[in-house]
Every structure is written in C-alpha cells, then in structure tokens.
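Presented below is the structure to which this report refers.
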Amino acid sequence: MGRLKPTGKLWGGRFKKPLLPQLERFSSSLETDLELAPFDIAGSIGHAAGLRAAGLLTTAQFNRLRRALMAIGREIESGGFQFVESDEDIHTAVERRLHEIDPEGGARLHAGRSRNDQVALDLRLYCRSAAGAIAEELARLISALAASAARHHSLPMPGYTHLQRAQPVTVGHHLLAHAQPLLRDGRRL
C-alpha cells in the first residue's frame, strides 16, 4: 500500500492509540505548507516520468498517475479537496488522495524517493517560482524608475554624500542610482 501506515500516519505504525487532538493540531504543518501543493504535484509528476524512463512504470501507469495528480491539483486549487484529520502536511494529503484515486500508482510513486527528497524538491521549486515572481516585480520597478528618470533627466537637485550636500545632480541621475542596485539584485536572484 505504499508508505502510509494503518493509522493514516507515516510514523504511526508502532502506536496503538492516536495522538491527543491538541498535539495533532500542533504537529500539523498543513496550513503552512498548503502553498507547496502545486510544487508537490509537479515534483511527483516529474518523479513518475523518471520512473517511467527507468522502466519502473509503464506508459499506461504513468498516464494514470499523471491524470490522478493533475486532478488532485485541480481539487486543491478549486477548494474542493477534502482534507482529513490524518493529513498532517500537504505531502501526506496528496499521497492519501492519490491512493484513493489510483492505489497501484500511489504505491509505486515513491520508489527511489524519500520524503526528505520530496520536501527538498518542493521547497526548491517553490523558491525558484518565488524568485521568478520577485524578479518580475523588480523588472517593473526598474522600468518605472527608468521611465521617471527619462522624464526628469534635466531637473537639477543637490547630490548628497555622507548626509551632506555635494555636487548637483539631476533627478534622473538620482533615480537611476537606485535602479542600479536593483539590477544587481535581479541578477543575484
């Protein structure tokens, strides 16, 4: 059946009693990592493609897995996904739902991939996406600064050094002085 234990918990195989509800809520990261859902699904589809390439999944099995994972993604995105108490994080929630839709595929999906590998990939994909979004916003800000600098290219203002007035500069020059570090930050992203 894969890695889910009879209790519905990854770690629950040795325990005869459930956790106290307070501890259950405390240990759940579902609220925090819900935004990792699209990355968890994309990473799982990518892993399934790797399993297919390695000959561990047939094309039909891969296609069933991919369709099931995409359906889960749509359920989460639309707000129609039904979380249960045993869903301690987004990874277990997606895995549980995958087992419901495609038990065989759900059992095969984690071949050659640990939970740590899965979480590390999700976080890496999330960071890449977030960096891309920040870079887009930086580009907009730099464009706005450049447009304003062009409009005010000859408007004089005092330049400052060490909080004291220095040589005169233009507002355009001053605005571009702020754009330059943002360009550097964009390259670093």
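The values are calculated or read from the model by the stated rules, or taken from the named source; none is laboratory data. Since the model is a prediction, treat every value here as computed from it, not as a measurement. Note: ideal-geometry Cβ built from the backbone for every residue, glycine included; neighbour counts use all protein chains shown. Surface accessibility is based on the protein's heavy atoms, side chains included, excluding ligands, DNA and RNA. Shrake-Rupley method; radii C 1.70, N 1.55, O 1.52, S 1.80 Å.
Observations on the model:
- Test: ASP185 is within 30 Å of LEU69 (Cα to Cα), part of a helix (DSSP H, G or I), at pLDDT 90 or above and among the charged types (D, E, K, R): no
- Single residue of segment 129-158 satisfying the filter (surrounded by 15 or more Cβ atoms within 10 Å (Cβ to Cβ) and out of contact with any Gly (no Cβ under 7 Å at 6 or more places or on another chain)) that is nearest to LEU175 (Cα to Cα): LEU145
- Selection of segment 81-128 for residues being over 17 Å from GLY46 (Cα atoms), in contact (Cβ under 8 Å) with a residue 60 or more places away in the chain and loosely packed, with under 14 Cβ neighbours inside 10 Å yields VAL84, GLU85, PRO103.
- Filter pass, HIS153 being part of a loop (DSSP other than H, G, I, E, B) and either touching a residue at least 12 places away in the same chain (Cβ under 8 Å) or over 30 Å from ALA42 (Cβ atoms) (or both): yes
- Being in contact with a strand residue (DSSP E or B) (Cβ under 6 Å, 6 or more places away or on another chain), open to solvent by 40 Å² or more (accessible area, probe 1.4 Å), among the aliphatic types (A, V, I, L, M) and not in a helix (DSSP H, G or I) is a property that holds for ALA166.
- Residue list for segment 108-134, restricted to those being among the polar types (S, T, N, Q) and under 8 Å from the mean Cα position of the chain (by Cα): SER129
- For ASP102, the conditions (1) more than 19 Å from GLU31 (Cα to Cα); (2) at pLDDT below 90 are fulfilled apart from (2).
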